[in-house]
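Trainee: Dumping the structure here so I can ask a few things about it.
The values are calculated or read from the model by the stated rules, or taken from the named source; none is laboratory data. All of these numbers come straight from a predicted model, not from anything done at the bench. FYI the Cβ positions are ideal-geometry reconstructions off the backbone, even for glycines, and counts take in every protein chain you see. Side chains included, ligands, DNA and RNA excluded: accessible areas come from the protein's heavy atoms. Shrake-Rupley method; radii C 1.70, N 1.55, O 1.52, S 1.80 Å.
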Amino acid sequence: MKYNFDSIPDRRKTNSLKWDVAENEIPLWVADMDFDTAPEIKDAILQRANLGALGYADINEQWRNAYIYWWKNRYNFEIKKEWLVFSTGVVPAISSSVRKLTTPGENVLILTPTYNIFFNSIVNNGRNPVQCQLKYDGSSYEIDFEDLEEKLKDEQTSMMILCNPQNPVGKIWNKETLAKIGELCSRNNVVVFSDEIHCDITEPGKNYVPFASVNETCRNNCIMAVAPTKSFNIAGLSTSAIVVPDKNLRHKVWHQINTDECGEPNAFAVQAAIAAYTKSGDWLEEARIYIWQNRKFAEDFIKSEIPLLKAIKSDATYLMWVDISASGMTAKVFAKELRKKTGLYINDGTAYGKGGETFIRINLATSHAIVEDALLRLKAFLKCYPR
């Protein structure tokens, strides 16, 4: 490999949300890579910093062209320049859209288990989260379309937040599934907000399907949020975009984002995104290979050394979803005791809504040595808690 993912920066005592933990602890919780970002991105940031004056920044044509280039060449989806709106993050864009396109007391539908912060964007704005629990057969997940349709028919349901690919279960929704979601939402006047921040982190050889690319029905009734932040480990730079093909819908969302003051880039947001999408593709390809090597190792280790647990096969994200139901513990108790006894800090599945009560989530975007250490701690923990 051209890039050394075995060697990661020491982030302890660096004001890191993830790594400012006790010395004996391994934090594999928040969706934050440990890898050194692509050198082309670092060069772009340093060049901007060396200018010295770090005043207000603005969006330029290179920024728009970078997004257009990436989605055209990687996913064969043509984004028009006017569809793109800058946002300081996917979550701010979600919260702004909820405020603008729904009213207090209305329902916002989500497929659970799903990204826990969706609940914050809904509840903190006075809306009601309506959970459509995914069907789990013991090894994989599918959408319960009968339940989904029934909940979309509720006149109080005005928005659906889709996670595409799905975090935390790692599901890549195929074109047929997305088309069915789009048709049901359009028929019931429910706008779709598709969070696609994990779209680039897929199993090598597999790609996701952009929601707006599926058909005209999906395209005209969606807000698609995309960003280089998860893919290239630059979340701290607060840079993202929303893609809104429909002119009227785009104007509403743009207006609210600017009302909320989350539509202005910081000094590095534009340059970092351009460098990521136009110069850092090779880095991403090697990162995906490395992550999937970690995933394969973790899956095999759990199957042979910790058979009480079950790693769910995933096609996307650098997060591993693990079924702990056979342990007899709830996810909340499991995660708390695991951290207390071994120092391994992971997410308990309860935060992800219905269906997550007996699951944990583990971040695999770190060095192989840390993944191995974490699994050994997980194995030792289970030995202390026989059924």
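Trainee: Kindly evaluate Leu249 against the criterion of being in contact (Cβ under 8 Å) with a residue 12 or more places away in the chain, farther than 19 Å from Tyr385 by Cα and over 20 Å from the mean Cα position of the chain (by Cα). Steps first, please.
Mentor: On the way: in contact (Cβ under 8 Å) with a residue 12 or more places away in the chain: yes; farther than 19 Å from Tyr385 by Cα: yes; over 20 Å from the mean Cα position of the chain (by Cα): yes.
Here the answer is yes, as Leu249 does meet what is asked.
Trainee: Taking the condition of being more than 19 Å from the chain's Cα centre (by Cα) and either among the aliphatic types (A, V, I, L, M) or open to solvent by 50 Å² or more (accessible area, probe 1.4 Å) (or both), how many residues in region 20-35 meet it? Walk me through it before giving the result.
Mentor: Start the filter on region 20-35 by keeping residues that are more than 19 Å from the chain's Cα centre (by Cα), which leaves 20-26.
Imposing the further condition that a residue be either among the aliphatic types (A, V, I, L, M) or open to solvent by 50 Å² or more (accessible area, probe 1.4 Å) (or both) reduces the set to 20-24, 26.
Number of matching residues: 6.
Trainee: Related question: When the residues of region 196-208 are narrowed to those that are among the acidic types (Asp, Glu) and open to solvent by less than 10 Å² (accessible area, probe 1.4 Å), which ends up farthest from Glu285 (Cα to Cα)? Steps first, please.
Mentor: Within region 196-208, the subset among the acidic types (Asp, Glu) is 196, 200, 203.
The next check asks that each one be open to solvent by less than 10 Å² (accessible area, probe 1.4 Å); those that pass are 196, 200.
Working: Glu196: 18, Asp200: 9 Å.
Going through the qualifying residues, I end up with Glu196.
Residue-by-condition table, conditions (1) at positive phi; (2) free of Cβ contacts under 8 Å to residues at least 24 places away in the same chain; (3) not hydrophobic (A, V, I, L, M, F, W, C):
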| residue | (1), (2), (3) |
| --- | --- |
| Asn125 | no, no, yes |
| Glu176 | no, yes, yes |
| Cys185 | no, no, no |
| Asn188 | no, no, yes |
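Trainee: Something else about it: Being part of a loop (DSSP other than H, G, I, E, B) and of a type in the set (Phe, Trp, Tyr) is the filter here, so list the residues in region 189-241 that pass it.
Mentor: As a first pass, look at region 189-241 and keep what is part of a loop (DSSP other than H, G, I, E, B): 189-190, 196-201, 203-210, 214-215, 220-221, 227-228, 233-234, 238-239.
The answer is Tyr208, and nothing else.
Trainee: How about region 303-330: which of its residues are in a strand (DSSP E or B) and open to solvent by less than 10 Å² (accessible area, probe 1.4 Å)? Let's see the steps before the verdict.
Mentor: Step one: list which residues in region 303-330 are in a strand (DSSP E or B), which gives 310-311, 316, 319-323.
Within region 303-330, Ala316, Leu319, Met320, Trp321, Val322 meet the criteria.
Trainee: Here are some residues: Glu61, Glu82. Which one is within 20 Å of Cys218 (Cα to Cα) and either free of Cβ contacts under 8 Å to residues at least 60 places away in the same chain or surrounded by fewer than 17 Cβ atoms within 10 Å (Cβ to Cβ) (or both)? Break it down stepwise before answering.
Mentor: Numbers: Glu61 fails: within 20 Å of Cys218 (Cα to Cα).
Among Glu61, Glu82, only Glu82 is within 20 Å of Cys218 (Cα to Cα) and either free of Cβ contacts under 8 Å to residues at least 60 places away in the same chain or surrounded by fewer than 17 Cβ atoms within 10 Å (Cβ to Cβ) (or both).
Trainee: Any residue in region 345-360 that is within 26 Å of Ser121 (Cα to Cα) and surrounded by fewer than 17 Cβ atoms within 10 Å (Cβ to Cβ)?
Mentor: As a first pass, look at region 345-360 and keep what is within 26 Å of Ser121 (Cα to Cα): 345-360.
Filter once more, so that each one left must be surrounded by fewer than 17 Cβ atoms within 10 Å (Cβ to Cβ): 354, 357.
Yes, because at least one residue in region 345-360 is within 26 Å of Ser121 (Cα to Cα) and surrounded by fewer than 17 Cβ atoms within 10 Å (Cβ to Cβ).
Trainee: Right, next: Within the group Arg361, Arg295, Arg339, which residue is assigned to a strand (DSSP E or B) and at pLDDT 95 or above?
Mentor: Numbers: Arg295 fails: assigned to a strand (DSSP E or B); Arg339 fails: assigned to a strand (DSSP E or B).
Only one candidate passes the filter, namely Arg361.
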